[in-house]
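Q: Structure below; questions to follow.
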Amino acid sequence: MVLFGEKLVGGEAERMKVNSAILEGLNPKQREAVSFKGAPLLVLAGAGSGKTRVLTSKIAWLVRECAVAPWRILAVTFTNKAAREMKERVETMLGERAKDAQVSTFHSFGLQMLFRNRDALESRGYRRNFVVFDRSECLFLIKKIAKEMGIDPSQADPSWFLDGISRAKTSCDPATLTPVLDGEIAEVFDKYRDSMREQGAFDFDDLITMPLHLMATDSSVLERERARVEWVLVDEYQDVNRPQFSMMKMLAGKSPNIMVVGDPDQSIYGWRGADMSVILGFERHFPGAKVVKLEQNYRSSGVILDAANAVIRNNVNRPDKRLWTDRSGGDLIEVAKLVDERAEARYVADKVEELVSMGYRYSDIAILYRINALSRNFEQEFISRSIPYRVVKGTAFYDRKEVKDVISYLRLAVNHRDGSALARVVNVPPRGIGAKGLSVLSDFLLREPGDSKSVWLKLADGKCPLKGKGALGIKDLACHMLSLLGMGADMGALVPYILDSIGYGLYLEKSYQDQWEERRENVMELTSLNAESDSLEDVLAEISLYTDQEVGGIPEGISLSSLHSAKGLEFPVVFVVGLEEGLFPHSRVIDGSLEEMEEERRLWYVGITRAEERLYVSGVGFRRLFGSVLVNGLSRFLWEIPEACRSMEEVGEEEPQNVRFGFNRRYWGR
């Protein structure tokens, strides 16, 4: 540093001023992470600890202080929204120069790498001018292949093949790209791969595995790509899968210039491939690494953080980390046990109205739940009170595909002229009715006189405008419509019939391998409807009262969200509902492995740390769900909150109608 009197000379003074501004307002640990040089760096960033600010400040620091060219900095994250936010923040600090920084999602970066290495692709038999197929286009190709192979789609849905191919791709050796598959799916994969290559197409998995393959098999590609990147920064490191980790490690090589930011305590996506061992093994993967813990929380009250720390301490597989805040104290966490799910919805709505009267806005409030099916009662209660709401990163209950499909079956049964319902379910599951056949059938149903029962009887007797396989499909559909009409308004019989006898449950299992259980649960939630009418037509009319109102799009509405979708969000007031054994923790993990239960507890920790000022937790004695009455007791997770952090209330003692047994008090009041 050159001094003249007491002043810095020339551009040095300006540089020091800018660098001071970059670090201004950072706490000591944040400043340490931003200004650290020399070794691989792992930043364990607790919830609400300012990780995005640290990442963006690091980019600005590298450019300003370390003279790293912006285009030689690679920062990757998981969503376009997160990448956009990072880039905007960096632009605020660096101006126009920030536009040259490589800030993107993993898949976007992989695509750009393929663009840069067209020659290497061409030498391996791929087209230079490739295209990227989305899931629907990939499914269309799988369907075509399955048809050519004579595979019955009712026995093996194309989605099942596509999901299996995806898992195999992401677990294979990047040098060979040869997955471990056998049997029918192996043959489908070979034809799928060959057809994709013939069409010059890649799918989304290829955007990670193909760049890895090029770097693993072509030293010149690897050298060029490494030369483009002087620093690698990774956001949400606890969520990376193995191919994403391999890509970043290969790019970094032996360079110490890698910084990752993440929180093992918020690793909640193991079910979709995230590998938490990657962040836990960082010091093994990058010897000599430095670890900086960001433990100061800027979001939540002291009481909420004390509860979160106490909960997550029950996990064994985690680094030692404790959140703290200078916002000591705060309101106690209010825990309520209600009689049943309707009382829970009324309790939450009452609290919402009370909070609004205190000055909170609807948009300050979130309702979080473990399974999406729980949203129905809250949506209906809010609608009845004209309380605005929106479903975050998801679909309102009655707008979910599986729910709309089942309702469409019922609508079609009572109204054969319902063209929308017909188009939705005629081939779900597949019945061999093509576009032309659907058009002919729609015209026939629209013109055919008589009530729906008489029309379905005629079709069931074989009096059909279609021929061949389509005629058999329509006869099958008509027989099912007659069966549905014979069940009246009994949703407890109608819904299971659609799932099991019609085959919609098998369709869900084959089409949505990673989600079918949740989707089936959503469908079964329809059996909990207690309509006042004995007529199915009237039941459907009542449902339309909920589906036709557009409260879900009101910006100022309360946020309804699954706990998984709420990660990354924060609200002044949070309700976590459905805290019962078998719901949260989910029944799937109660008798499962330690790792599964610990991931479930991390999800609970994420829910707690979404709250800034007030946190409400509720569970019920009886819950009508999926056509059954559950009496499970309150969740073990609730009792991990220290008594000093919570107040507990039992609301209402009346037993629900048609239920004649007492509360299970295994957990309550022990």
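The values are calculated or read from the model by the stated rules, or taken from the named source; none is laboratory data. The shown structure was predicted, so the numbers you read here are calculated from the model rather than taken from an experiment. Cβ: placed from backbone, ideal geometry, glycine included. Neighbour counts: every protein chain shown. To get the accessible areas, we keep the full protein, side chains included, count just its heavy atoms, and leave off ligands, DNA and RNA. Shrake-Rupley method; radii C 1.70, N 1.55, O 1.52, S 1.80 Å.
Q: Give a quick list of chymotrypsin sites (Phe, Trp or Tyr not before Pro) in the stretch 43-80 that DSSP marks as loop, anything other than H, G, I, E or B, with at most 10 other Cβ atoms within 10 Å.
A: none
Q: Please figure out what share of the DSSP beta bridges in the chain is antiparallel and state it in percent, rounded to the nearest 5.
A: Details: 7 of 58 bridges.
Antiparallel bridges: around 10 percent, rounded to the nearest 5.
Q: (1) 44.6, 132; (2) 28.4, 104; (3) 26.5, 80: which one is Rg and Dmax of the Cα atoms in Å as calculated from this entry?
A: Answer label, from the structure shown: (2).
Q: Now, a different point. Wrap a convex hull around the Cα atoms of the stretch 71-142, take a quarter of its surface area, and give that in square nanometres.
A: On the way: hull surface 25.6 nm².
Directional mean of the projected Cα hull area for the stretch 71-142 stands at 6.4 nm².
Q: Once phi is turned into θ = phi - 60°, what whole-Hz ³J(HN,Hα) does the Karplus curve with 6.51, -1.76 and 1.60 give for every residue of the stretch 97-104, x standing for Gly and Pro?
A: Listing the rounded values in order: 4, 5, 5, 7, 5, 8, 10, 7 Hz.
Q: Which of rounded, prolate or oblate describes the stretch 175-290 when judged by the alpha-carbon gyration tensor and an a/c cut-off of 1.5?
A: Values: a/c = 2.55, a/b = 1.45, b/c = 1.76.
Verdict is oblate for the stretch 175-290.
Q: Can you tell me what the convex hull of the Cα atoms of the stretch 232-360 projects to on average, as an area in nm²?
A: Working: hull surface 45.3 nm².
If I average the Cα hull's projected area over directions, I get 11.3 nm².
Q: What three numbers, in Å, describe the spread of the alpha carbons of the stretch 300-362 along their principal axes, ordered from the longest?
A: 40, 29, 17
Q: Given a cut-off of under 8 Å on Cα pairs at least six residues apart, what relative contact order in percent is computed for the chain?
A: Working: 1074 pairs, mean separation 114.0, N = 670.
Once normalised by length, the contact order is 17 percent.
Q: Also, quick follow-up: Highest mean first, what order results for 195-205, 501-511 on Cβ atoms within 10 Å? Please list the in-between numbers first.
A: Values: 195-205: 16.5, 501-511: 20.0.
My ranking of the peptides, most packed first, is 501-511, 195-205.
Q: List the lysines whose alpha-carbon lies under 19 Å from that of Lys147, not counting same-chain residues fewer than 8 positions away?
A: Lys191, Lys436, Lys469, Lys510
Q: Oh, and also: Principal axis lengths of the stretch 126-174 from Cα atoms, whole Å, largest first?
A: Cα extents, longest axis first: 35, 25, 17 Å.
Q: Right, another one. Specify whether the C-alpha gyration tensor of the stretch 41-92 places it in the rounded, prolate or oblate class, a ≥ b ≥ c being the square roots of the eigenvalues: rounded for a/c under 1.5, otherwise prolate if a/b is larger than b/c and oblate if not. Present the calculation step by step, with values, prior to reporting the outcome.
A: Working: a/c = 1.81, a/b = 1.30, b/c = 1.39.
Oblate, because a/c is 1.5 or more while a/b does not exceed b/c.
Q: Post the alpha-carbon centroid distance, the stretch 292-314 to the stretch 387-464, in whole angstrom.
A: Here the two parts' Cα centres lie 51 Å apart.
Q: Kirkwood hydrodynamic radius, computed over distinct alpha-carbon pairs, for the stretch 229-304: how many Å, to one decimal? Don't skip to the answer; put the middle values down first.
A: Details: mean 1/r = 0.0734 Å⁻¹.
13.6 Å is the Kirkwood radius here.
Q: From the mean inverse distance of alpha carbon pairs (Kirkwood) and the Cα radius of gyration, derive Rg over Rh for the stretch 372-456. Intermediate values should be presented prior to the final figure.
A: Details: Rg = 16.7 Å, Rh = 15.0 Å.
Expressed as Rg/Rh, it is 1.11.
Q: When only the heavy atoms of the protein chains count and the probe is 1.4 Å, how do Lys81, Lys467, Lys144, Lys169 rank by accessible area, highest first?
A: On the way: Lys81 130, Lys467 170, Lys144 105, Lys169 25 Å².
The residues order as Lys467, Lys81, Lys144, Lys169, largest area first.
Q: In whole angstrom, how far apart do the alpha carbon centroids of the stretch 469-493 and the stretch 58-80 sit?
A: If we compute the Cα centre of each part, the gap is 60 Å.
Q: Where the only charges are on Cβ atoms (+1 Lys, Arg; -1 Asp, Glu), what is the dipole of the chain about its Cα centre, to the nearest 20 debye?
A: Working: 89 positive and 98 negative charges, 425 e Å.
Taking the Cα centre of the chain as origin, the dipole is about 2040 debye.
Q: Using the Kirkwood formula on the Cα atoms of the stretch 305-446, what hydrodynamic radius do you get, in angstrom to one decimal? All intermediate terms of the calculation are to be shown ahead of the outcome.
A: Details: mean 1/r = 0.0503 Å⁻¹.
Final number for the Kirkwood radius of the stretch 305-446 is 19.9 Å.
Q: Excluding ligands and nucleic acids, what accessible area in Å² is computed for Arg224 using a 1.4 Å probe, to the nearest 10?
A: About 120 Å², rounded to the nearest 10.
Q: Can you give the Rg to Rh ratio of the stretch 405-495, both from alpha-carbon atoms, with Rh computed by the Kirkwood formula?
A: Expressed as Rg/Rh, it is 0.93.
Q: Taking all protein chains together and a probe of 1.4 Å, list Ser123, Ser408 from the most accessible to the least accessible. Could you put the intermediate results ahead of the total?
A: Details: Ser123 90, Ser408 5 Å².
If we order Ser123, Ser408 from most to least accessible, we get Ser123, Ser408.
Q: Provide the per residue accessible area, probe 1.4 Å, for the stretch 286-346, rounded to a whole number of square angstrom. Intermediate values should be presented prior to the final figure.
A: Details: 2490 Å² over 61 residues.
Solvent-accessible surface per residue comes out at 41 Å².
Q: While we're on this one: In square angstrom, what is the accessible area per residue of the stretch 374-485 with a 1.4 angstrom probe?
A: Values: 4700 Å² over 112 residues.
That works out to 42 Å² for each residue.
Q: Still on this structure, I have one more. Which order do Thr176, Thr52 take when ranked by solvent-accessible area (1.4 Å probe, heavy atoms of all protein chains), largest first?
A: Thr176, Thr52
Q: If you don't mind, another one. Determine the shape class of the stretch 322-404: with a ≥ b ≥ c the square roots of the Cα gyration tensor eigenvalues, call it rounded for a/c under 1.5, and otherwise prolate if a/b is greater than b/c, oblate otherwise.
A: On the way: a/c = 1.80, a/b = 1.56, b/c = 1.16.
Cα axes put the stretch 322-404 in the prolate bin.
Q: Additional query: Excluding same-chain residues fewer than 8 positions from Lys99, which lysines have a Cα within less than 25 Å of its Cα?
A: Qualifying lysines at Cα under 25 Å: Lys17, Lys37, Lys51, Lys58, Lys81, Lys87, Lys249.
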